[in-house]
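A short worksheet on the structure shown next.
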Amino acid sequence: MPIPATALAFEQPVDPSDVQDFSIILTQGPADAKPTPFLLPGETVASFAMSVGAEAAAAGLQIRSDAGYAPTYVANKITFWPVIAAAQQSSALFDGEGVRLAIELTVVTSNSPARTKQRSIVVRVAHQFAAAA
């Protein structure tokens with residue numbers, strides 16, 4: 001599936017072996033504000049889920065969920081830890097400019113009735129070091 005042109009993109013490349021957090025700030029404000037905010041006034045995130053699409057999974061992308069690394073939502077900020085599986089970190093797929101991989105975010109809000117929003121988040125993964133010859 002192609003990555004939507006409107007996807008939130010972290011374009012600063014990360015190395016396939018990096019273990020680092022990424023954060024998304026969910027904007028909040030009136031529905032008629034420009035740009036349109038993600039959350040309405042007083043609305044919070046009741047639940048959220050992150051998943052990796054087929055292409056990203058084939059490249060080894062995973063969202064860490066073990067102790068200390070599970071995705072969190074605090075004060076309109078979602079923090080998550082994307083990693084590449086150890087067996088795929090040396091893949092030629094990540095040579096040169098690397099590859100853009102998509103993560104799907106699904107948010108259910110505290111609104112009554114609840115609103116559900118889905119967004120694509122893109123991380124660019126590229127080797128950041130030269131291997132010894």
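The values are calculated or read from the model by the stated rules, or taken from the named source; none is laboratory data. Everything numeric here is computed off the predicted structure, so don't read it as measured data. Positions of Cβ are backbone-derived with ideal geometry, glycine not excepted, and every protein chain shown enters the neighbour counts. Heavy atoms of the whole protein, side chains included, go into the accessibility calculation; ligands, DNA and RNA do not. Shrake-Rupley method; radii C 1.70, N 1.55, O 1.52, S 1.80 Å.
Of note:
- Relative contact order of the stretch 33-94, defined on C-alpha pairs under 8 angstrom at six or more residues apart (%): 27
- Sequence-separation-based contact order of the chain, relative, with Cα cut under 8 Å and 6+ spacing, percent: 35
- Answer label, with volume of the Cα convex hull per residue in Å³ calculated from the coordinates and candidates (i) 123; (ii) 139; (iii) 152: (i)
- Over the stretch 1-65, relative contact order from alpha-carbon pairs under 8 Å, at least 6 apart, %: 18
- Mean residue ellipticity (222 nm) of the chain, computed from DSSP H runs ≥ 4 via -39,500 (n - 2.57), nearest 500: -500 deg cm²/dmol
- Fraction of accessible area attributable to carbon and sulfur, the chain (%, probe 1.4 Å): 57
- About the Cα centre, charge dipole magnitude for the chain (Lys/Arg +1, Asp/Glu -1 at Cβ), debye: 400
- Inter-part distance where the stretch 1-76 and the stretch 86-133 are each reduced to a Cα centre, Å: 9
- For the chain, a Gaussian network of Cα nodes joined below 10 Å ranks VAL74, VAL99, VAL107 by mean-square fluctuation, and the top entry is VAL74.
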